[in-house]
Each structure stands twice: as structure tokens, then as C-alpha cells.
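The values are calculated or read from the model by the stated rules, or taken from the named source; none is laboratory data. Only a predicted model underlies this, so the values are computations on that prediction, with no experimental measurement involved. Ideal geometry is used to build each Cβ from the backbone, glycine not excepted, and the neighbour counts take in all protein chains shown.
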Amino acid sequence: MRRVMPYVMRTRNESVVFHDSVYRMPAALDWLKAYNRAHAERATLFYLFTYACGQALHARPELNRFVSGAGSTSGAACRSPSWSSAS
């Protein structure tokens, strides 16, 4: 399937996936409340969300990739760059 996707979704905008969902977050809100009571600098739900996104991208750097073109099937574009610590 990965070999076909660059031909089906030729540009970055075509490969965008919109996600609509509702999440129950009482544990996260309780954690934020406790954190804000204990620290002078307040955290918000947005801070928590961006932190989680950063942790996910750090754990799985291949999620932060857009590959297009016939040369992408070799796997060279999916490897971590030489300057990253994941090599």
C-alpha cells in the first residue's frame, strides 16, 4: 500500500487526514488542577496536548514524514536523517 500512496495522493495537501473525535479527560483535568496548585507557572490543556504530540513524535520520528515520488519506494526517504539521534 505504501508504494501506491504517492501516486494516489500526489501532494501534501491531498494526504491530510482530518480527525474528529470526542475524548473524556477527567484524569488529565485532575492532573492539570494538581499541577497548577503546586507550580507558579500554570499549565493548560493545550500545553499538555502539545507535550503529548512532542513525545509521540520523539518516540516515533517516522510519523513526521511526507514522502512523494517514485524514489520513495527504496526506503531511503523514510530513514532518519544523519543529524538525528535516532540513526
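May I ask you to list pairs of residues, at least six apart or on different chains, whose Cβ atoms are under 9 Å apart, with the first in region 1-18 being under 17 Å from Asn64 (Cα atoms) and of a type in the set (A, V, I, L, M, F, W, C) and the second being surrounded by 10 or more Cβ atoms within 10 Å (Cβ to Cβ) and modelled with pLDDT under 70?
As it stands, the answer is Met5/Ser15; Met5/Val67; Met5/Ser68; Met5/Ser72; Met9/Ser15; Met9/Ser68, since those pairs meet every condition given.
Report, by residue number, each residue of region 2-56 that is under 19 Å from the mean Cα position of the chain (by Cα) and of a type in the set (D, E, K, R).
Arg2, Arg12, Glu14, Asp20
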